[in-house]
1. Multiplying the sequence separation of R359 and Q568 by 0.36 nm and subtracting their Cα-Cα distance, what value in nm do you get?
2. More than 15 Å apart: what percent of Cα pairs in region 218-259 qualify?
3. Taking the Cα-to-Cβ direction at F198 and at N10 and moving 7 Å from each Cα, how far apart do the two end points lie in nm?
4. With a 10 Å Cβ neighbour count serving as the proxy for reagent exposure, in which order, fewest first, do W430, W256 appear?
5. Once amide H atoms are placed 1.01 Å from N in the peptide plane, what residues at a sequence separation of 5 or more from E361, or on another chain, have their amide H within under 5 Å of its amide H?
6. Mind checking which of V6, A232, I68 is farthest towards the positive end of the chain's charge dipole, using Cβ charges of +1 (Lys, Arg) and -1 (Asp, Glu) about the Cα centre?
7. Under a Cβ-only charge scheme (Lys and Arg +1, Asp and Glu -1), can you give me the dipole magnitude of the chain about the Cα centre, in debye to the nearest 20?
8. So which aspartates and glutamates pass the test for K528, namely a Cα distance under 14 Å, with those fewer than 8 places away in the same chain ruled out?
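Taken together, the values in this text are just the output of simple stated rules run on the coordinates, not laboratory data. In this text, all values refer to a predicted model and were calculated from it rather than measured experimentally. Every residue, glycine as well, gets a Cβ built from its backbone with ideal geometry; the counts of neighbours run over all protein chains shown.
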Amino acid sequence: MGYLRVYWTNYRIRFLLALFFLSGEALADLLQPALMSRIVDQGVALRNMNVIERLGFLMLAITAMGAICASFRNLLSGIISQRFAQDLRQDLYIKIQSLSQQQVDQIGNASLITRLTNDVTRIQTFVNGLMRIMVKAPLVGIGSLMMAIHLNARLSLVLLGIAPIIAAIIFLNMKITYPYFHKVQTALDSVNRAMQNFLAGVRVIKVFNRSDFEQRHFRKYNKDFSDKAAAATKISSLFGPLVNLTVNAGIIAILWFGAIGVHQGSMEVGSIIAFTNYMTQLLFAIMMVNHAFTMMVRARASSERIGEVMNLPPAKRFTAQSKPTDAPPCQGTLLFDHVTFAYQEGLPVLHDLTFRVNRGETLGIIGPVASGKTTLTRLILRLYDPVKGTIRFNGQDLTTFGEDDLRKKIAIVPQHSLLFSGSVSDNIRWGSEGASDKAVREAAEIADADAFIRKLPGGYHARVGQAGVNLSGGQKQRIAIARALIRNPDLLILDDATSAVDARTDKTIRSRLKNGQNQMTCLLISQKASTLKDADQIIVLNQGRIEAVGDHQRLMACSSFYHSVCEQQLEEKEATEE
């Protein structure tokens, strides 16, 4: 949990100030029973009104001081815990953004969301409690014990006798309940994952009428979470009554021995009242300590889960800026040199790929499902690094690029076009934040999106729903293409980016791309041979290996897979026309 040290450095002065006011509040609580004892023994018993008035006003002043300290302590604890949680949540979010795709896959999206929300909230609650009860309780407890000893050393032996018993109960509470609360947080990950999957596929679920199945699926994870939470609560709830029983037994013993002392004349009634008050304060302090340790156990489980993310080694291997290279500049050139890649060690999904595409050329990639086409694009974007081989862009090894420099030179339109809440123009400007309205329209025209955008209510200022829910698949793809084009990249990757548009629109987009290409290198990935046939060269990828390379005519003659795809799609087209 070393990652938390930086927050202590940032907030230690305000934290210590909160503890100062908390100490004043605790001191006020400790003085009141002693004053009450003197009022009873010196004022009430002797009917001395001067003592009652003087000590009464003093007691009122101390109470007011305690209230003022409590107010400032509450104010500081609230502000510090909120700011701490804000900083921790922001830093965790930044850390998650820096993780590699492998690390994100390993932890899981749902688990990351839980850590960013629920786990941070648990630590925030602990920090807030630390400045409210977790420090005050020991102060009041120790102070009550010292004041009790000062009042009657012999009677305070009762307190010293029960203290080790209570300490043992609290230790067992921490030792036993920690694994349970860790399991609760893990079970919550599963609940969030099930909910996330449902929300992502809600349309498909409704279309296939699988709501009952999803309800059973969610019920299983929900029950598992509830069972683990109930088990943790049951275990932790056993220790509170044990502490209560022990302390109440101590109070009974004090009252018993105190009554004997009063009867024998060795003790005064006021001292017994004060002693009982201190015992009650000690009881409250111990209960708060027990509660604090329960909170600490939960916070510890959450902090370790966050620490698992925060302490991950840096995944991004980008340099701060691109390193100079002795190789001559080759703008727009992409070279794969014997590249092999595996998601899991020993199970490569790309095998010894070697190919080159020059500036201004269009490379098409086709292949059956799971042949490695999308994985190839991830390597170009350096979301993953090859296990073997080298990828060069513009004559420079990808590993020597700075992240900003590489991202400016390469743009991608993925298979599933994701739009963000905001206006249409805002979504297009994601590619270039400072782009003018004219540049936005030009990019939309090339993507064949301008016509339908103008028909939307508000045109380019029309609002886009979450994930583009109010737009069709083809409309989202065309906006995504415009978003990529506005970057004016050296390399444009279209990963099945026109799968949701009709053949006429697909042809229009390809024609406008070619006319406006301006020496931009283009990588087209598609299952449609009609989309790729005008490419300068086409790679047939099969099971992660290059099966054939050539233009449309050559592949029709030498690639059985490509030939069969073209024939099948031609038959489908003729059947549709009939």
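1. Between R359 and Q568, full extension yields 72.0 nm more.
2. 61
3. Roughly 3.5 nm, to one decimal.
4. In order of increasing Cβ crowding within 10 Å: W256, W430.
5. Those lying under 5 Å, H to H, from E361 are C522.
6. About the Cα centre, the residue reaching furthest to the positive side is I68.
7. The dipole of the chain has a size of about 1280 debye.
8. D495, D496, D502, D506, E567, E571, E572
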